[in-house]
Amino acid sequence: MTTLRFVETLREIIDGVEVILSDIWGVVHNGLEAFPEACAALHAFRQRGGTVILITNAPRPADSVQRQLRKLGVADDTYDAIVSSGDLTRHFVAGHPGKRIFWLGPETDGSIHRGLDPVSAPLEQADYIVCTGLFDDETETPEDYRDMMQQALARKLPLICANPDIVVERGDRLIYCAGAIAELYRELGGEVIFYGKPHRPIYERAMELATERRGRPTSLDRVLAIGDSVRTDLTGALGFGIDCLFVTRGIHSEEFEGIDQLDPASVKELFGHPPRALMRELRW
C-alpha cells in the first residue's frame, strides 16, 4: 500500500472517466448552501462529454431533491440525472399494496408518500416500518427511539430504511439520519432493509440512467464515484467495483485537519481499502 496524497483538481484524475456518480450532501452542498466550485467542476466534466449522475440517500423522490438543489442555487446543467434512496423505497412500497405502514420521519419528508396512497397505521397495527429519519432531528437522538424499536422488535416488524446515512452536515453541525435508527434496530436484532448507499440497488439504478443518457453501457473502469463518507460512499463504490474520489470537507473533516498526505498505516486505519484519491473540496 502506497502513501495516499491529496489532489487539487478533478481534472487531474479523470483521464478515461466517462461517468461520475456523485454524492450530493457534503460534496455539492452542506444543507444550507451550495458549493459553487463543486458545481462548476461537475458542469465542466459534462462539457467535456462526461455524464454526471447524482446519487443521494435523501429519503425523497428525485424531483423533490431537484427542487431543493434549485433553491440552494445548484443549476440543472450541473448533472444529468438524480437517483435517490427515496425513489427506491417508494418502489418497495408500491410493490406491497395493502400492507399497513408505520411511517417514521419528519413532515418535511412527506413527498416520499406522494402518489402512493399508503395504508398508514400506528406501530401496534403496522405490517412494517418505513423510516425516513427522526421526527425531530434538531433535538432528538437515536436513543430516544430505543423503546419504540423494542416494541417493533416484539412484533417482528421489518424496518425499511430510506436513508442509510448515520449523520449528515447541516451547516457546521452533524444531524442524525434514518440510518442511525436502523442501525439501532439491527443491533437489537430487528430486520432492516436498506435502500441507498452503500447498497448495490442505488448504483445499479444510477448506471441504468447513465446508459439511457449516453445511449450505451459504460465499463465500470470508466466510472468514478465522489463522496465524503467512508461508510456509505467509499464502501458502496468499492463494493460495486468502481473507484472513489474521497472529499474530506464533509462529515470526516476533523479527522483530516492539517493533513497533507497519509502513510500506509493511516490509510488502513481510516479507510481499510483506500480511495483513488483525496480532495479537500471538489473543484475543477
**Asked** If you take the residues in region 198-210 that are open to solvent by 50 Å² or more (accessible area, probe 1.4 Å) and part of a helix (DSSP H, G or I), which one is nearest to Arg231 (Cα to Cα)?
**Response** Arg200
**Fill in**
If we take region 1-95, then helices (runs of 4 or more DSSP H) inside it with 3 or more residues that are in contact with a helix residue (DSSP H, G or I) (Cβ under 6 Å, 6 or more places away or on another chain) are 36-47, 85-94
**Among the residues listed as Glu191, Glu187, the single one being out of contact with any Leu (no Cβ under 8 Å at 6 or more places or on another chain) and open to solvent by 50 Å² or more (accessible area, probe 1.4 Å)** = Glu187
**Request:** Give the residues of region 165-178 that are in a loop (DSSP other than H, G, I, E, B) and farther than 19 Å from Glu143 by Cβ, sorted by residue number.
**Result:** Gly171, Asp172
**Fill in**
Of those in region 241-284 that are of a type in the set (Val, Ile, Thr) and modelled with pLDDT of 90 or more, the residue surrounded by the most Cβ atoms within 10 Å (Cβ to Cβ) is Val247
**Request:** Please state which one of Thr108, Thr139 is out of contact with any Asp or Glu (no Cβ under 9 Å at 6 or more places or on another chain), at negative phi and part of a helix (DSSP H, G or I).
**Result:** Thr108
**Message:** I need a count of the residues in region 80-92 that are under 15 Å from Cys131 (Cα atoms), free of Cβ contacts under 8 Å to residues at least 60 places away in the same chain and of a type in the set (A, V, I, L, M, F, W, C).
**Reply:** 0
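The values are calculated or read from the model by the stated rules, or taken from the named source; none is laboratory data. A quick note: this is a predicted structure, and the numbers were derived from the prediction, not measured. Backbone-built Cβ (ideal geometry, glycine too); neighbour counts: all protein chains shown. We work out accessible area using only protein heavy atoms, side chains counted, and drop any ligands, DNA or RNA first. Shrake-Rupley method; radii C 1.70, N 1.55, O 1.52, S 1.80 Å.
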